[in-house]
Amino acid sequence: MSHVALVIPGLDRIGGAERQVVLLAKGLVQRGWRVTVVALSGTGGNAAGELAAAGVGFRSLEMRKGLADPRGWLRFRRWLRQESPEVVHAHLPHAAWMVRWSRLCAPVRVVVDTLHSSSTGTFGRCLGYRWSDWLCDKVTAVSQAVAASHISAGMVDEKSLVVLPNGVDVALWNPNEAVREAMRHELGLGEEFLWLAAGRLEAVKDYATLLRAMAEVPESARLVIAGAGPLENELRLLSRQLGLEHRVSFLGFEPNVRRWMQAADGFVLSSRWEGLPMGLLEAAACALPAVATDVRGTREVILHEKTGRLAPVSNPTALAEAMACMMHASSEERMAMGERARNLVVAQFSLGAVLDKWEALYRDLLEKNPRPRRWSGSN
């Protein structure tokens, strides 16, 4: 049984990358792999218990000063030497640098790094990736948009990069009319159009633009925002200033977003950039038509006017117009759009198909690298 270590900065705050790591870990265990999720910091929160219940190991390096904490480096080196995982798979920049440079003092057979965001970050991040590229056997990107941005920034060699998308459990995320009726009855909703937005309350999601768009759409629209983050107080204040208190609800962290997707009439995403948004994939799996900003990551999920609608970035009026078009469409038109969205996700992003690709990649790399090495087997 081959041992895979999935390394990530932390699991205490769950976003798209973190959800994907949990799904990958649980899926690989079900297929006979031994899997350990290694967090650079934190306790793992509720995700650690979920992983344990699925037979996935969890280890925190308890780093308190980011990558500047030498104790974390020592703990990781010791763990690598003791456990000898065949594959060490990093997710997100800090984990990538930890995994890559640790290989020099704790050789492993295969190092994989997954890029999750189309944002390439600072000049320092670009240099970090360039200088450590020779330590990585394979770099993957969750979308063509992510791949293109990192290639153009010179952070990865196009020849060593492969696109391997996020996956969604389409058997779990699906439309459910019974849940929809129960939720809407509980909320006291009649003919009101219910929009759902989900994600961390951070600048990249640009909820301010969404709130301003809500002020321009028909009064019958309601918006529920599922997510917590540093901008919550600021966004609540903006909502009050726009007179939206009775039309917008902030749920905070919501452990069961699926029921809200099954209850809503439309999903809305106002991000300034995206890699491959998990929320958009999950909404599509629930046959929920979506309106999203026209950035490269969302274009791989939304086919304009077929599976949803696209609007320019940071443009409240344009976003409001796209939302109004969705609201004015007939229920039959929205249902057809949602069905096309679900068919797209089932065909291209189902978790089973994505796990097949990960297993094939791991096995190919292990075959090419039969012994632990201090650097990439391709160099």
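When LEU115 is tested against (1) closer than 27 Å to LEU355 by Cβ; (2) surrounded by fewer than 23 Cβ atoms within 10 Å (Cβ to Cβ); (3) in contact (Cβ under 8 Å) with a residue 40 or more places away in the chain, just one condition goes unmet, and that condition is (2). Suppose we keep only residues that are at pLDDT below 95 and in a loop (DSSP other than H, G, I, E, B) within region 12-41. Which one would you say is surrounded by the fewest Cβ atoms within 10 Å (Cβ to Cβ)? This residue is ARG13.
Do we find a residue being farther than 22 Å from VAL163 by Cα and either out of contact with any helix residue (DSSP H, G or I) (no Cβ under 8 Å at 6 or more places or on another chain) or surrounded by fewer than 24 Cβ atoms within 10 Å (Cβ to Cβ) (or both) anywhere in region 292-304? Yes.
When PRO85 is tested against (1) in contact with a Lys or Arg (Cβ under 9 Å, 6 or more places away or on another chain); (2) in a loop (DSSP other than H, G, I, E, B); (3) free of Cβ contacts under 8 Å to residues at least 40 places away in the same chain, just one condition goes unmet, and that condition is (3). Just one residue in the set ARG13, ARG64, ARG78, ARG19 is under 29 Å from PHE253 (Cα atoms) and either free of Cβ contacts under 8 Å to residues at least 40 places away in the same chain or of a type in the set (Ser, Thr, Tyr) (or both); that residue is ARG64. Pairs are defined by a Cβ separation below 8 Å, a sequence spacing of at least 6 or placement on different chains, a first member in region 150-165 that is touching a residue at least 40 places away in the same chain (Cβ under 8 Å), and a second member that is surrounded by fewer than 19 Cβ atoms within 10 Å (Cβ to Cβ) and of a type in the set (S, T, N, Q); the pairs so defined are SER160/SER378; PRO165/GLN348.
Which ones in region 305-321 are more than 18 Å from GLY275 (Cα to Cα), surrounded by fewer than 24 Cβ atoms within 10 Å (Cβ to Cβ) and either in contact (Cβ under 8 Å) with a residue 24 or more places away in the chain or of a type in the set (Asp, Glu) (or both)? If the condition is that a residue be more than 18 Å from GLY275 (Cα to Cα), surrounded by fewer than 24 Cβ atoms within 10 Å (Cβ to Cβ) and either in contact (Cβ under 8 Å) with a residue 24 or more places away in the chain or of a type in the set (Asp, Glu) (or both), then GLU305, LYS306, THR307, ASN315, PRO316, THR317, ALA320, GLU321 are the ones that fit.
One residue stands out in region 217-245 among those that are at pLDDT below 95, touching a strand residue (DSSP E or B) at 6+ places or on another chain (Cβ under 9 Å) and not aliphatic (A, V, I, L, M): the one that is surrounded by the most Cβ atoms within 10 Å (Cβ to Cβ), namely GLY227. Here SER117 meets the list (1) within 16 Å of ILE8 (Cβ to Cβ); (2) outside any loop (DSSP other than H, G, I, E, B); (3) modelled with pLDDT under 95 almost entirely, failing just condition (2).
Any chance you could count how many residues in region 288-303 are closer than 20 Å to VAL146 by Cα and more than 18 Å from the chain's Cα centre (by Cα)?
If we filter region 288-303 for residues that are closer than 20 Å to VAL146 by Cα, which is where we start, we get 292-303.
Narrowing the set further to residues that are more than 18 Å from the chain's Cα centre (by Cα) leaves 303.
Residues in region 288-303 being closer than 20 Å to VAL146 by Cα and more than 18 Å from the chain's Cα centre (by Cα): 1 in total.
Being at pLDDT 95 or above and part of a strand (DSSP E or B) narrows it down to one residue among ALA292, ALA322; which is it?
ALA292
Listed by first and then second residue, the pairs linking a residue in region 198-209 that is in a loop (DSSP other than H, G, I, E, B) to a residue that is among the hydroxyl-bearing types (Ser, Thr, Tyr), with Cβ atoms under 6 Å apart and 6 or more places separating them unless they lie on different chains, are ASP206/SER270.
Name the residues in region 258-289 that are in contact with a Pro (Cβ under 8 Å, 6 or more places away or on another chain), closer than 19 Å to ILE14 by Cα and either in a loop (DSSP other than H, G, I, E, B) or of a type in the set (Lys, Arg) (or both), would you? Result: SER271, LEU276.
Of all residues in region 31-82, count the ones that are closer than 26 Å to ARG125 by Cα, touching a strand residue (DSSP E or B) at 6+ places or on another chain (Cβ under 6 Å) and of a type in the set (A, V, I, L, M, F, W, C). The number of residues fulfilling the criteria is 3.
The set of residues in region 148-159 that are part of a helix (DSSP H, G or I) and touching a helix residue (DSSP H, G or I) at 6+ places or on another chain (Cβ under 8 Å) comprises ALA148, SER149, HIS150, ILE151, GLU158.
Just for region 9-56: of the residues that are β-branched (Val, Ile, Thr) and in contact with a Leu (Cβ under 6 Å, 6 or more places away or on another chain), which one is nearest to PHE76 (Cα to Cα)? Result: VAL37. Here ALA203, ALA197 are screened, and the one residue that is within 18 Å of the chain's Cα centre (by Cα), under 29 Å from ARG342 (Cα atoms) and loosely packed, with under 15 Cβ neighbours inside 10 Å is ALA203.
The values are calculated or read from the model by the stated rules, or taken from the named source; none is laboratory data. Note that the structure is predicted; figures quoted are calculated from it, not measured. Note that we place each Cβ from the backbone using ideal geometry, even for glycine, and neighbour counts take in every protein chain shown.
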